[in-house]
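A short write-up of the structure that comes next.
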Amino acid sequence: MREAESDKRVKALVLDSIYDEPKEMVKVEVAKTGLGGFPFMVRSAEMSFDWLNYEHRQDPPLSARISSLNGVPKLFLQPADDQQLGDSTRRLFIKAPEPKEIAALPHGNYVALSEEEKHLYENRVVSFFL
């Protein structure tokens, strides 16, 4: 999305399970491992992430320039099985300018989808671009 905000060659965009800021992803993923309950584990992971990505410390959230996508068709794919990720995707959808669509997916992890679910996912994406 960040690249699309500054590249006028982008004519349409599919956004699958998207975070506004990478730090959101770190919190959610640490919690998924079960380690979030340990004292300071989430904060330690965030600090490690910040250190590893120090050169991007001043990068604004994705939503900061979302208005530049005005007129670019956007399909947001929102996972139903991950509330935090689904909420993050929905918040960005709400902030995005038109034209935009949102589609709920039963699962957010493409690799773990059944063959039928993968087929439905792929058809949804292809039909959007068509």
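The values are calculated or read from the model by the stated rules, or taken from the named source; none is laboratory data. Just so you know, these numbers come straight off a predicted model, no measurement behind them. Every residue, glycine as well, gets a Cβ built from its backbone with ideal geometry; the counts of neighbours run over all protein chains shown. The area values use the complete protein model at the heavy-atom level, side chains included, leaving out ligands, DNA and RNA. Shrake-Rupley method; radii C 1.70, N 1.55, O 1.52, S 1.80 Å.
In degrees between 0 and 90, to the nearest 10, how far off the longest principal axis of the chain does helix 83-95 point, with axes built from Cα atoms?
50 degrees
What ranking of Lys11, Lys23 comes out by heavy-atom accessible area, probe 1.4 Å, highest first?
Sorted by accessible area, descending: Lys11, Lys23.
Which percent of Cα-Cα pairs in the chain sits in each 5 Å bin, short to long?
Bin by bin from 0 Å, the calculated values are 2, 10, 17, 18, 19, 16, 10, 6, 1, 0.
Applying a 10 Å radius around every beta-carbon, put 44-56, 95-107, 68-80 in order of their mean neighbour count, most first.
Listed from highest to lowest mean packing, they are 68-80, 95-107, 44-56.
Report, in debye and to the nearest 20, how large the dipole of the chain comes out about its Cα centre when Lys and Arg carry +1 and Asp and Glu carry -1 on their Cβ.
Around 400 debye, computed over the chain.
Report, to the nearest 10°, how far helix 22-33 tilts away from the longest principal axis of the Cα atoms in the chain, using its own Cα long axis and a range of 0 to 90°.
Roughly 70 degrees between the two axes.
With angles folded into 0 to 90 degrees, how steeply does helix 115-129 sit against the dominant principal axis of the chain? Use alpha carbons for both and round to 10.
Roughly 60 degrees, rounded to the nearest 10.
Using the Kirkwood formula on the Cα atoms of region 74-130, what hydrodynamic radius do you get, in angstrom to one decimal?
Its Kirkwood hydrodynamic radius stands at 11.9 Å.
How much solvent-accessible surface does Arg43 expose, in Å² to the nearest 10, with a 1.4 Å probe and all protein chains in place?
Here the residue's solvent-accessible area equals roughly 120 Å².
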